[in-house]
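The values are calculated or read from the model by the stated rules, or taken from the named source; none is laboratory data. Bear in mind that the values here come from a model prediction, so they are computed numbers and not experimental data. Quick reminder, even Gly has a Cβ in these numbers, built from the backbone with ideal geometry, and neighbours come from all protein chains shown. Ligands, DNA and RNA are excluded from the accessible area calculation, which covers all protein heavy atoms including side chains. Shrake-Rupley method; radii C 1.70, N 1.55, O 1.52, S 1.80 Å.
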Amino acid sequence: MIERYSRPEMKRIWSDENKFNRWLDVEIAACDAWAEIGVVPRQAISKIKLAKCNIKRMEEILQETHHDMTAFLGAVAESVGEESRFIHLGLTSSDVMDTALSLQMVEASDILIQDVKELITVLAQKAIEHKYTPMIGRTHGIHAEPITFGLKLAIWVDEMRRNLERLTDAKRNIAVGKISGAVGTYATVPPEIEQKVCHKLGLEPAPVSNQILQRDRHAQFVTTLAIIASSLEKFATEIRALQKTEVGEVSEPFGGKQTGSSAMPHKRNPELCERICGLARLVRGFALTSMENIALWHERDISHSSTERIIIPDSCLLLDYCLYLFTSVMKGLAVYPQRMKKNLELTKGLIFSQRVMLALIDKGLTRQKAYEMTQRNAMKAWKENKNFLSLLKADADVTANISASELEALFDYEYYTQHIDEIFQRLGLTKSQWQTTIPDVTEIKPRAL
């Protein structure tokens, strides 16, 4: 992934240096396991544990061998000497590569899990802050009925909690290793060695494998990242829609010296959320490739390998970046309650149409008749830009069934927020559980993000 979208710790995990160090961890753990059962001399282990991989030297050997693992082993052997003959004993390349890849994915998962937890905290705090901030709910992009901004954010909290569960489960399913030899029969390396190696590395041994760990595990991991990225795109899309000039209910952070356009100095664009939406598309594309990697020939082919060098590191890097970016957006989000109230009143009371219809039904009218009477006045309000309540009061058919005072009582915004407390309680969204303050974000520097 390009530098712009790579945060340091995740970048470190997917660096060549860390990858080859994890390969070396697996090789050393295997030597140690062989020594425990008396195959490798114990006195050789102290020197093997000092092994290093000179990446420059490995690249030189690679020019000749055209094989990552043999080049790696050659470079490592030069740092060890005679005892290097015990390194890679009975193993196949994928024993090392796949087990090491699992270690990297577990490392990456830990960062992503923390990212998700931080976003949940920020969203929860914002939801509580705006628990009673009324705004219009929209379906099909059209005004529907009132909600609160806090309720919108509470939905996001619940979704990110599900994403946390998905990510935790994906981490569990990838936290496995395999040391079972060329086709998974343990012919050259007994199951006892696999058990010992995995224990040393903090992994579970795969119950069964062929030459590789099965790629449904990796597909679950990458598709989980894609689902989380899609959630972020959903949230970012909503921020973008609410920031439109005609809506103007929220806006993402905008630095004092930030510019929105080279041509139009007035522009204040939702470019951070737009960036998240664009990058989410990449992660979803990686998910498709990860699923195509599940079907390999016989006990293994190499068609998955080239793609995994891209899709697994880059999906982790991108999601880490997007989670951090959206958390920053939410920390510094500007919310405009007065504009929300103004938009609530934009349709001159039409949003109370369902209450009117239900009240007429309660008076004894059929649903069809109540709907027709309400819709007739609603459509007139739309077309003539008139006050809905005034039209209802002037309709003899309506007032023959319901009084003017009863109609007026129906036009009450608080009716729509009467169950907000119960919803928040079900989610456990209370001030006592979310006391951490959110720091102000007055200026976001795109390069740093």
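Quick look at the values:
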read-out: Cα long-axis angle, helix 305-331 against the chain (0 to 90 degrees, to the nearest 10); value: 40
read-out: Unit Cα scatterers, Debye sum, the stretch 1-160: log10 I(q)/I(0) for q = 0.11, 0.18, 0.20, 0.21 Å⁻¹; value: -0.62, -1.09, -1.21, -1.26
read-out: For the stretch 191-238, the spread of Cα positions along each principal axis, largest first, Å; value: 53, 22, 12
read-out: Ratio of the Cα radius of gyration of the stretch 7-82 to 2.2 N^0.38 Å, where N counts its residues; value: 1.21
read-out: Cα-based helix-to-principal-axis angle, 367-384 vs the chain, degrees rounded to 10; value: 90
read-out: Degrees separating the helix 16-36 axis from the principal Cα axis of the chain, which is the longest one; value: 50
read-out: Spatially proximal aspartates and glutamates relative to Lys47 (Cα-Cα < 17 Å; intrachain offsets below 8 disregarded); value: Asp25, Glu27, Asp32, Glu36, Glu78, Glu82, Glu83
read-out: Inter-centroid distance (Cα atoms) of the stretch 247-290 relative to the stretch 303-345, Å; value: 9
read-out: Partners for Lys393 among lysines (Cα-Cα distance below 28 Å; same-chain residues under 8 apart left out); value: Lys341, Lys342, Lys348, Lys363, Lys369, Lys380, Lys383
read-out: Given [x] 30.1, 103; [y] 23.4, 71; [z] 24.6, 72, the label whose value is Rg and Dmax of the Cα atoms in Å derived from this model; value: [x]
read-out: Alpha carbon centroid spacing (whole Å) that separates the stretch 19-61 from the stretch 361-439; value: 72
read-out: Along the chain, longest interval not containing exposed GluC sites (Glu not before Pro), exposed being DSSP loop plus at most 14 other Cβ atoms within 10 Å; value: 1-245
read-out: Full-extension gain in nm, Glu64 to Ala400, via 0.36 nm per residue minus C-alpha separation; value: 111.5 nm
read-out: Local net charge near Thr92, Cβ-Cβ under 10 Å (Lys/Arg +1, Asp/Glu -1); value: 0
read-out: Positive-end residue, the chain charge dipole about Cα centroid, Cβ charges, pick of Ile174, Gly141, Ser230; value: Gly141
read-out: Fraction of accessible area attributable to carbon and sulfur, the chain (%, probe 1.4 Å); value: 52
read-out: The chain, relative contact order in percent, only Cα pairs under 8 angstrom and at least six apart counted; value: 18
read-out: Helix-only CD estimate at 222 nm, as mean residue ellipticity for the chain, using -39500 (n - 2.57) per DSSP H run (n ≥ 4); value: -19500 deg cm²/dmol
